[in-house]
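Accompanying notes for the structure given below.
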Amino acid sequence: YKKALAGEITGFTGVDDPYEEPVKPEILIESDKESEKESVAKIVRTLELMGLIPGADAGKDFSDEEEEKIKQRLKDLGYI
């Protein structure tokens, strides 16, 4: 903003170029109504659904029961 306000750069949204609200945004963050954590979760989930980042369970090739056994083994070994 400093450079845009000083006239060093042009075409800066909100300074010399108007903000154009998206007609149909992929996601709407309402920071006045939701917590930062909720907003981040909404963004991450949308990116997962759009296929832009892997989902939380991506690469999970084992059952929940097997995961518990792995966690217990790591605890027994002192890793967690």
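What follows draws every value from the coordinates through simple rules; no lab data is involved. This structure is a prediction, so every number in the text was calculated from the model and none was measured. Quick reminder, even Gly has a Cβ in these numbers, built from the backbone with ideal geometry, and neighbours come from all protein chains shown.
Lys and Arg at +1, Asp and Glu at -1: add these up for the other residues within a Cβ distance under 13 Å of Glu26 and post the number. With Lys, Arg at +1 and Asp, Glu at -1, the neighbours total +2. Per-residue 3J(HN,Hα) values for the stretch 58-70, derived from phi via the Karplus relation 6.51 cos²θ - 1.76 cosθ + 1.60 with θ = phi - 60°, read 4, x, 7, 10, 9, 7, 4, 5, 5, 4, 4, 5, 5 Hz in sequence order (x marks Gly and Pro).
Bridging of Lys69 to lysines at a Cα separation below 29 Å is possible for Lys60, once same-chain residues fewer than 8 apart are set aside.
Here the label points at Leu52 and Val23, each 7 Å from Cα along the C-beta direction, are separated by 2.0 nm in the simple model. Springs between Cα atoms under 10 Å define the GNM used for the chain, and in it the highest mean-square fluctuation of Glu66, Glu26, Glu38 occurs at Glu66. Taking amide hydrogens as placed 1.01 Å from N in the peptide plane, the amide H of Ile53 sits under 5 Å from those of Glu48, each at least 5 positions away in sequence or on another chain.
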